[in-house]
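Notes follow once the structure below has been shown.
The values are calculated or read from the model by the stated rules, or taken from the named source; none is laboratory data. Just so it is clear, the structure is predicted and the values come from calculations on it, not from any experiment. Note: ideal-geometry Cβ built from the backbone for every residue, glycine included; neighbour counts use all protein chains shown. Accessible surface areas use protein heavy atoms only, side chains included; no ligands, DNA or RNA. Shrake-Rupley method; radii C 1.70, N 1.55, O 1.52, S 1.80 Å.
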Amino acid sequence: MPSSVMPTSRIDGRQSPAAVSTAGLRKSYGDKTVLNGIDLHIPAGSVFALLGPNGAGKTTTVHILSTLIAADSGRAQVAGHDVATSPDGVRAAIGVTGQFSAVDGLITGEENMLLMADLHHLSKREARRTTAELLERFDLVEAANKPASSYSGGMKRRLDIAMTLVGDPRIIFLDEPTTGLDPRSRHNMWQIIRELVSDGVTVLLTTQYLQEADELADRIAVLHEGRIAAEGTADELKRLIPGGHVRLRFCDPSTYRCAADAIREVTRDDEALSLQIPSDGSQRELRSILDRLDRAGIEADELTVHTPDLDDVFFALTGSNQPNQPNQPNQPKEAVR
Amino acid sequence: MSSLALAVRDASTMLRRNLLHARRYPSLTLNLLLTPVVLLLLFVYIFGDVMSAGIGGGGADRSAYIAYLVPGIALMTIGGTVVGTAVSVSNDMTEGIMARFRTMAIHRGSVLIGHVVGSVLQSVMSVVIVGAVAVAIGFRSTDATALEWLAAFGLLALVALALTWIAVGMGMVSPNAEAAGNNALPLIVLPLISSAFVPVDAMPGWFQPIAEYQPFTPAIETLRGLLLGSEIGHNGWLAIVWCLALSALGYLWSKAVFNRDPK
Ligand SMILES: Nc1ncnc2c1ncn2[C@@H]1O[C@H](COP(=O)(O)OP(=O)(O)OP(=O)(O)O)[C@@H](O)[C@H]1O
Ligand SMILES: [Mg+2]
């Protein structure tokens, strides 16, 4: 097998002990390349979020790291064990909640929990204690004696994660843990993830919710077309794209033209009669814009401040069109091509 | 924990899970029991007089025909039970819970071992239930010793093991539970074209080799020999070889499929 082109030195000799590290991870199905050289380094005790559009390969990555499927090439270590050569070492350290429900629908929620406890070789007492505690924590006490197949989607999801926590895994993979949860359950889940991290657990989560990554993750990687398009803290990622601006909208075309003349460095949208002024949204910059408008005696019909958020990063990096943002700073490059 | 102790512990956890399924949803098991019982009653009370004409030169009475039928019905019962196994294995494979098991540090084969042991236990239980019906309508073993009874049960368990492994393989390659049920159907049908209901000699000449050389016939003949004192001859070891060969085949097949990357 040809060795990977990506540098593989990251996997060894890094200062902070990595709970998860990969180098040059590749996987294809037929001639479709899903992962094309993934390098990750997730320090122990941190939360790492994997972002990416549908089909980006998030689940594939989680499957490889959790020993469900084998990579075509590259190396991956979890808890110091190589996923290919020491899968049992990996399995002993991890807890996995896959994207799709992994509960036994034919038995009750409580029986599912006890099954997990038995498979973790807990004593009878310990099993009952853990089960009761987790059912309580995930708000499943009432449903505990009903078959899991009768649970709602969100309840199944909660049971799924509760089952993952039996046996106190030190590294947890959560593939879209809050998809399908209502806002309250989602905030509960976030709280639980934070508690896990404060106990020193390492969490790798994938998500579609950028806010979730922003809230929870120490570091975020954006996966796009089989590669890590960008990686860093939420702030680092936001700094990557100059998305901040103030938007002024007008109803009257002549006012609009006056304003465009008064404030020069603007992006014009003649059709929508709106102006976009690059700005970091600070009070000082806002005041200067307002001052200039006042001096020209212009009153805008609408003023909105837009600071870059992870959505902007996501759309910029994954090349999708963001709705309502025709003049995004990174777009002109596209037009030239 | 030693790896053997680990295997035993995990497999018995999985076995408990399967038995729990069977207890929670007895309808599947009961449905599968219904086929052999209905066939037994049908052949004895409806077709009995005609069918028994082909046995023992035409002089056989009803109880002799029941005796003739029971070994075949017993095998059919096992066939029916393992269809249920194929269905539940297929259910497991298509459910997410299997992915969870695969990411846990448990004995890898324990899920399958749990299914196999559970299926053999259920088969034996089903045979006992169907056997009780047979006794109720007049089945009597002629002169079987305790040892022969034991051997008969041993053989039934061996057949159950063989058919179970085949059914596990079928369940694993089937895309869904229905397909698994259909794929495993031959395991119920095969006894129909054996010596279960009429002697092979009474079948058309071209058909006789099919009936003669299929796995059920030697097992049925051996059971008859053990319980009713007829000639066993080479059928004894033939039955055992069939069972061992099918078990090995089903085991290797299931293992190969199980170790493939999922999906
Ligand atoms: N078993 C498979 N056979 C063929 N193609 C596959 C298989 N599994 C995944 N793929 C393909 O790999 C790509 C990545 O899939 P993956 O499930 O990892 O995406 P994802 O990032 O998790 O997407 P989503 O956000 O929709 O969950 C997809 O194009 C998918 O079609
Ligand atoms: Mg996915």
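Please determine whether any residue of segment A:61-73 is of a type outside the set (A, V, I, L, M), more than 9 Å from chain B (Cβ to nearest Cβ) and either within 26 Å of A:G153 (Cα to Cα) or free of Cβ contacts under 8 Å to residues at least 24 places away in the same chain (or both). Yes: segment A:61-73 contains one or more residues that are of a type outside the set (A, V, I, L, M), more than 9 Å from chain B (Cβ to nearest Cβ) and either within 26 Å of A:G153 (Cα to Cα) or free of Cβ contacts under 8 Å to residues at least 24 places away in the same chain (or both).
Within this structure, A:L223 fails the test of being within 16 Å of ligand 2 (Cβ to nearest atom) and within 14 Å of chain B (Cβ to nearest Cβ).
Candidates are the residues of segment A:59-89 that are over 15 Å from A:S21 (Cα atoms) and within 12 Å of ligand 2 (Cβ to nearest atom); the one that is surrounded by the fewest Cβ atoms within 10 Å (Cβ to Cβ) is A:T59.
When restricted to residues that are in a helix (DSSP H, G or I), crowded, with 23+ Cβ neighbours inside 10 Å and either more than 10 Å from every other protein chain (Cβ to nearest Cβ) or in contact (Cβ under 8 Å) with a residue 60 or more places away in the chain (or both), segment B:94-109 contains 0. Evaluate the following for A:G45: is it more than 10 Å from every other protein chain (Cβ to nearest Cβ), surrounded by fewer than 23 Cβ atoms within 10 Å (Cβ to Cβ), part of a strand (DSSP E or B) and more than 16 Å from ligand 1 (Cβ to nearest atom)? For A:G45, the condition - more than 10 Å from every other protein chain (Cβ to nearest Cβ), surrounded by fewer than 23 Cβ atoms within 10 Å (Cβ to Cβ), part of a strand (DSSP E or B) and more than 16 Å from ligand 1 (Cβ to nearest atom) - is not met.
Just to be sure before I move on: is A:L135 free of Cβ contacts under 8 Å to residues at least 60 places away in the same chain, more than 8 Å from chain B (Cβ to nearest Cβ) and closer than 23 Å to B:E95 by Cα in the structure I sent? So A:L135 fits the description; yes.
In segment A:167-177, how many residues are aliphatic (A, V, I, L, M) and without any contact (Cβ under 8 Å) to a residue 60 or more places away in the chain?
Residues flagged as aliphatic (A, V, I, L, M) and without any contact (Cβ under 8 Å) to a residue 60 or more places away in the chain within segment A:167-177 amount to 0.
Sort out which residues of segment A:90-104 are open to solvent by 10 Å² or more (accessible area, probe 1.4 Å) and more than 7 Å from chain B (Cβ to nearest Cβ), and write them in order of number. The answer is A:A93, A:Q99. So A:R157 fits all but one of (1) open to solvent by 10 Å² or more (accessible area, probe 1.4 Å); (2) away from ligand 1 (no atom under 16 Å from the Cβ); (3) in a helix (DSSP H, G or I); what number is the exception? The one condition A:R157 does not meet is (2).
Selection of helices (runs of 4 or more DSSP H) fully inside segment B:159-263 by the criterion of at least 3 residues being more than 22 Å from B:H107 (Cα to Cα) and among the small types (G, A, S) returns B:177-183, B:235-259.
Among the helices (runs of 4 or more DSSP H) lying completely within segment A:54-125, list those that include at least 3 residues that are small (G, A, S).
Result: A:87-93.
Could you grab me the full set of residues in segment A:197-209 that are open to solvent by 20 Å² or more (accessible area, probe 1.4 Å) and more than 16 Å from ligand 2 (Cβ to nearest atom)? The answer is A:V197, A:S198, A:D199, A:G200. Within segment B:137-170, the set of residues being closer than 23 Å to B:L40 by Cβ and without any contact (Cβ under 8 Å) to a residue 60 or more places away in the chain comprises B:F153, B:G154, B:A157.
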